[in-house]
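Below: one structure, written as structure tokens.
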Amino acid sequence: MATPTPTPTSPASITASGGRGGFLLARARVAPGGRWAVRAQPAAAELVERSVNTIRFLAVDAVEKAKSGHPGLPMGCAPLGHVLFDEFLRFNPANHAWFDRDRFVLSAGHGCMLHYALLHLAGYQGVTIDDLKAFRQWGSRTPGHPENFETDGVEVTTGPLGQGFANAVGLALAEKHLAARFNKPDLTVVDHYTYVILGDGCQMEGVANEAASLAGHWGLGKLIAFYDDNHISIDGSTAIAFTEDVLARYEALGWHTIWVQNGNTGYDDIRAAIKEAKEVKDKPTLIKVTTTIGYGSPNKASTHSVHGSALGSKEVEATRKNLSWAHEPFHVPDEVKRYSVVPVELKLQNFKVITNKLFCCEEIQTCSSSLGSSSGCCILHSV
Ligand SMILES: Cc1ncc(C[n+]2csc(CCOP(=O)(O)OP(=O)(O)O)c2C)c(N)n1
Ligand SMILES: [Mg+2]
């Protein structure tokens, strides 16, 4: 598929302008790759599996307590969610509004216990274990579908299928526009990825196709979408109504495509796919991740009964046995807690280094004093 031709109105063609860039750049240079401390290597397989099961059971237990919700998607997408949040996503849990954070959108908003569990483990103070216990309760910070004004770390209100994906396209477009406008040849102040998870239901919606078409046309290389290909939707098997070749459609729309065939235990395949997607600079990427909805539930996995209702106490017990999870509801093992906290501290240390470097620049100082802390460039650098 040919790369879309840039047009005068495409974001790539917008040139950066203004400012005494040369001076600013020399003073503010940040070591390559030093913007963000990430793990030198993934955790040992056993710890990864335990972290993933923690996510699964936080979702199972929260839905069980609320007696409503969608446990199936979080159980199936926990491996993908863990790898993405733990090894790739750049964010500051102490400041969910840090401007240059990577964006994450759960377009399949019904599976929001996945997102809440990930935010909790990542150290967001606005998503405590008590918030998880209050899932779907009136006035809680963990509503039944994600609300961006209720929960730290939720970028976009989702639930209406397909529209979260369309919003993610908008976020990626905004990033490309701002990067073209503000980045200088050797100072990059806007540089983040937009990740989105969408399911079969999102793929069925026309709005998603329209947005995907625009994303392909614009060549949004920093947009990475994961299609949760679990073969189940609200009414049963997707064989009933949705049999198109999704990857072929996206290729036709100008996307790079990858298929992770084992999204349940293929951690290395998930990692490799994200790395490959990040390398593709001129096209958005769709990663089809084949998963099992309700993974681990002996009697309900791969059925639509795990899509939109609690497993039920007997099945929860059977699932605990099946996944060797002999813990009380809402338990987060100490080693998982410790493991999640470490990189956050590393990341914060790194933030301080970057912030100090940027704020000692004359141009930024002028900007701070003359325009105040709410000025655009100060927001850009504030962590
Ligand atoms: C536009 C729109 N139509 C219908 C619904 C109701 N609905 C919620 S989830 C769902 C099925 C989603 O299927 P899928 O994306 O495959 O999710 P999974 O069952 O795999 O969790 C439907 C139809 C909705 N949320 N939005
Ligand atoms: Mg599905």
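The values are calculated or read from the model by the stated rules, or taken from the named source; none is laboratory data. Small disclaimer: the values here were computed from a predicted structure and weren't measured. We place every Cβ from the backbone using ideal geometry, glycine too, and count neighbours over all the protein chains shown.
Quick notes
- Within segment 181-208, considering residues that are of a type in the set (A, V, I, L, M, F, W, C) and modelled with pLDDT under 95, the one nearest to ligand 1 (Cβ to nearest atom): V190
- A count restricted to segment 92-108 and to residues that are within 12 Å of the chain's Cα centre (by Cα), under 18 Å from E150 (Cα atoms) and not aliphatic (A, V, I, L, M) stands at 3.
- Members of segment 181-212 that are in contact with a strand residue (DSSP E or B) (Cβ under 7 Å, 6 or more places away or on another chain) and of a type in the set (D, E, K, R): D200
- Any hit, segment 142-164, residues being assigned to a helix (DSSP H, G or I), touching a residue at least 12 places away in the same chain (Cβ under 8 Å), touching a helix residue (DSSP H, G or I) at 6+ places or on another chain (Cβ under 9 Å) and buried (at least 17 other Cβ atoms within 10 Å of the Cβ): yes
- Test: residue in segment 147-157 that is under 30 Å from E210 (Cβ atoms), among the hydroxyl-bearing types (S, T, Y), in contact with a Gly (Cβ under 8 Å, 6 or more places away or on another chain) and within 16 Å of ligand 2 (Cβ to nearest atom): no
- Test for A272: is it away from ligand 2 (no atom under 16 Å from the Cβ) and hydrophobic (A, V, I, L, M, F, W, C): yes
- Residues in segment 122-141 that are over 19 Å from H70 (Cβ atoms) and crowded, with 18+ Cβ neighbours inside 10 Å: A122, G123, Y124.
- Within segment 190-243, tally of residues that are part of a loop (DSSP other than H, G, I, E, B), within 12 Å of ligand 2 (Cβ to nearest atom) and surrounded by fewer than 22 Cβ atoms within 10 Å (Cβ to Cβ): 5
- Failed criterion for L171 (all others in (1) in a helix (DSSP H, G or I); (2) within 16 Å of ligand 2 (Cβ to nearest atom) hold): (2)
- Note on segment 103-125: residues that are closer than 20 Å to C202 by Cβ and not aromatic (F, W, Y) total 13.
- Options L132, L118: the member that is within 12 Å of the chain's Cα centre (by Cα), at pLDDT 95 or above, under 18 Å from P329 (Cα atoms) and not in a loop (DSSP other than H, G, I, E, B): L118
- A Cβ distance below 8 Å, combined with a sequence gap of six or more or placement on separate chains, defines the contacts here; from segment 102-124, residues that are closer than 18 Å to Y193 by Cα and touching a residue at least 60 places away in the same chain (Cβ under 8 Å) reach residues that are of a type in the set (D, E) and surrounded by fewer than 24 Cβ atoms within 10 Å (Cβ to Cβ) in the pairs R103/E155; R103/E175; F104/E155; V105/E155.
- Residue satisfying condition, being small (G, A, S), at pLDDT below 95 and under 26 Å from the mean Cα position of the chain (by Cα), within set S340, S370, S297: S340
- Unmet criterion (only one of (1) more than 22 Å from E276 (Cα to Cα); (2) in contact with a Phe, Trp or Tyr (Cβ under 9 Å, 6 or more places away or on another chain)) for F149: (2)
- Residue, farthest from ligand 1 (Cβ to nearest atom), within segment 125-141, restricted to residues that are polar (S, T, N, Q) and touching a residue at least 12 places away in the same chain (Cβ under 8 Å): Q125
- Members of segment 245-267 that are in contact with a Pro (Cβ under 9 Å, 6 or more places away or on another chain) and outside any loop (DSSP other than H, G, I, E, B): Y250, H256, Y267
- Summed over segment 276-296, residues that are away from ligand 2 (no atom under 16 Å from the Cβ), outside any loop (DSSP other than H, G, I, E, B) and not polar (S, T, N, Q) total 4.
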